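The values are calculated or read from the model by the stated rules, or taken from the named source; none is laboratory data. This one's a predicted model, so the numbers in the text were calculated from it and none came from an experiment. Ideal geometry is used to build each Cβ from the backbone, glycine not excepted, and the neighbour counts take in all protein chains shown. Surface accessibility is based on the protein's heavy atoms, side chains included, excluding ligands, DNA and RNA. Shrake-Rupley method; radii C 1.70, N 1.55, O 1.52, S 1.80 Å.
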Amino acid sequence: MPEIKCPRCGTVFTVDENEYRGIAEQVRNEEFEKELKRREESLRKENDAMLKLQQEKSNSEKEKALFDLKTELEKVKSDNKSLKNEKDLEISKAVSEKDKKILELKSQIELNKKEAQLEIDNINKEHQVALKQKDEQIEFYRDMKAKLSTKMIGESLEQHCLTEFNKIRATAFPNAYFEKDNEVIEHGKGDFVFRDKTSDGIEFISIMFEMKNQNDDGDKKHKNEDFFKKLEEDRQKKGCEYAVLVSLLEPESELYNQGIVDVSYKYKNMYVIRPQFFIPMITLLRNAAIKNIDARRELTVYQQQNYDLVNFERNLREYKEDFSSNVMRAGKNFTDAINEIDKSIKELEKTKENLLKSAHQLSIADKKVQGITIKKLTKDAPSIQSAFDELNKDEN
């Protein structure tokens with residue numbers, strides 16, 4: 001059992017485990033409470049000292065920050081004042097330039113208005129002249145149609161277009177071909193064919209023309225659409241790029257009276273025009289084609305090169321085929337020759353074998369011949385042996 005000594009009187013006494021544990025626990029709790037209070041007091045003092053130090057430090061930093069902030073604020077105010085002065089100066093300058101530009105623009109607008117008005121007046125005058133010319137042409141064609149038959153009107157329209165073209169042929173189309181289409185291909189032909197080419201002979205545009213008209217009093221009223229299919233067939237037969245129907249049909253149609261009508265949605269590169277647009281149409285298509293001359297030249301060169309390449313490839317292919325055929329035939333002949341040689345070798349070996357056998361047999365036969373004597377031959381023939389004996393006696 002544990003012994004305990006009294007710290008005052010020095011008496012030693014014993015206690016059991018439970019009593020010792022209870023005393024130890026009392027002592028430990030009491031010491032723990034004292035130590036806890038002492039630590040709390042120490043921490044509180046340290047905390048107070050730290051708070052005081054931090055407060056003093058914070059106050060000092062706040063004063064310094066406040067001073068820096070005031071200094072920065074004064075600097076910002078000064079910069080803002082300078083910036084404001086600069087902005088005011090720039091704004092004043094910009095306003096002055098803007099006012100100057102506004103005055104220039106107003107002046108330019110007034111000038112443009114005057115020029116636009118002059119241009120409008122000129123356009124109106126040109127429009128009035130064009131309308132007058134158009135009315136005169138309409139009257140001319142109406143009068144012409146009233147006087148002539150359908151066939152004569154058609155022929156006159158063709159002659160009109162030919163005359164209009166010939167007026168400017170030498171100056172505007174020096175290298176062009178424009179003639180009546182008299183070549184019948186598969187029971188079909190157009191009215192006129194236009195072709196133009198460069199000085200070096202490259203054709204860059206081709207047009208198939210068809211001219212159509214009829215009397216107002218004609219029995220059957222044709223439409224422009226009635227001639228699209230035939231015109232397209234004629235264009236393809238003659239290898240032309242464009243097809244143009246010069247028509248006086250459907251005189252009341254707003255669609256065809258507007259000028260150049262593109263009907264490519266039905267047939268490729270096909271247009272319907274009134275006679276007054278005949279020369280402008282040729283000029284329009286020709287000028288568009290001229291821009292592609294370089295491309296056509298390159299295409300021609302490419303096609304020639306491609307043609308040469310095709311010929312080269314064809315010749316190379318034929319050479320390869322001929323060479324392969326010759327090689328195959330040579331290989332077959334070589335194989336046949338080898339087979340024949342092998343057969344000959346086998347025959348020669350067989351012949352050699354037979355000759356060796358014959359030589360062996362001849363050797364045996366020679367040995368047998370060398371060993372033959374009259375005695376051996378007459379061994380089984382006593383009469384012949386006696387005859388030989390008689391013969392030998394006579395000789396002796």
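Limited to the range 253-295, what total is found for residues that are part of a loop (DSSP other than H, G, I, E, B), among the aliphatic types (A, V, I, L, M) and farther than 22 Å from G239 by Cβ? Steps first, answer last, please.
Step one: of the range 253-295, the residues part of a loop (DSSP other than H, G, I, E, B) are 253, 258-260, 263-269, 274, 291-292.
Filter again for among the aliphatic types (A, V, I, L, M), leaving 260, 263.
Keeping just the survivors that are farther than 22 Å from G239 by Cβ gives 260.
Final tally of qualifying residues: 1.
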Just give me the residues in the range 48-67 being modelled with pLDDT of 75 or more and either open to solvent by less than 100 Å² (accessible area, probe 1.4 Å) or not in a helix (DSSP H, G or I) (or both), in sequence order.
D48, A49, L51
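Taking the range 280-296, which residues are surrounded by 18 or more Cβ atoms within 10 Å (Cβ to Cβ) and closer than 15 Å to K197 by Cβ?
I282, L285, A289
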Exactly one of these conditions fails for K84: (1) open to solvent by less than 90 Å² (accessible area, probe 1.4 Å); (2) at pLDDT 70 or above. Give me its number.
(1)
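Answer yes if at least one residue in the range 23-31 is among the charged types (D, E, K, R), at pLDDT 70 or above and open to solvent by 100 Å² or more (accessible area, probe 1.4 Å), and no otherwise.
As a first pass, look at the range 23-31 and keep what is among the charged types (D, E, K, R): 25, 28, 30-31.
Among the residues that remain, those that are also at pLDDT 70 or above are: none.
Within the range 23-31 (the criterion being among the charged types (D, E, K, R), at pLDDT 70 or above and open to solvent by 100 Å² or more (accessible area, probe 1.4 Å)), the answer is no, since none of the residues qualifies.
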Which residue pairs have Cβ atoms closer than 7 Å, lie 6 or more positions apart in sequence or on different chains, and pair a first residue in the range 122-140 that is in contact (Cβ under 8 Å) with a residue 24 or more places away in the chain with a second residue that is open to solvent by less than 100 Å² (accessible area, probe 1.4 Å) and not hydrophobic (A, V, I, L, M, F, W, C)?
Q137/Q276
What tally of residues in the range 262-279 results from selecting those that are under 24 Å from A172 (Cβ atoms) and surrounded by 13 or more Cβ atoms within 10 Å (Cβ to Cβ)?
11
In the range 233-250, residue most open to solvent (accessible area, probe 1.4 Å) [restricted to those that are farther than 14 Å from M211 by Cα and of a type in the set (D, E)]
E233
(1) open to solvent by less than 100 Å² (accessible area, probe 1.4 Å); (2) farther than 30 Å from G259 by Cα; (3) over 51 Å from the mean Cα position of the chain (by Cα); (4) not hydroxyl-bearing (S, T, Y): which one isn't true of D135, the others all being true?
(2)
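Answer yes or no as to whether Q258 is farther than 19 Å from H160 by Cβ, at pLDDT 90 or above and out of contact with any His (no Cβ under 7 Å at 6 or more places or on another chain). Step through it out loud before you land on a result.
Details: farther than 19 Å from H160 by Cβ: yes; at pLDDT 90 or above: no; out of contact with any His (no Cβ under 7 Å at 6 or more places or on another chain): yes.
Answer is no for this residue.
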Does I202 qualify as being hydrophobic (A, V, I, L, M, F, W, C) and open to solvent by 30 Å² or more (accessible area, probe 1.4 Å)?
yes
For V95, only one of the following conditions fails: (1) modelled with pLDDT under 75; (2) of a type in the set (A, V, I, L, M); (3) over 30 Å from M211 (Cα atoms); (4) open to solvent by 80 Å² or more (accessible area, probe 1.4 Å). What is its number?
(4)
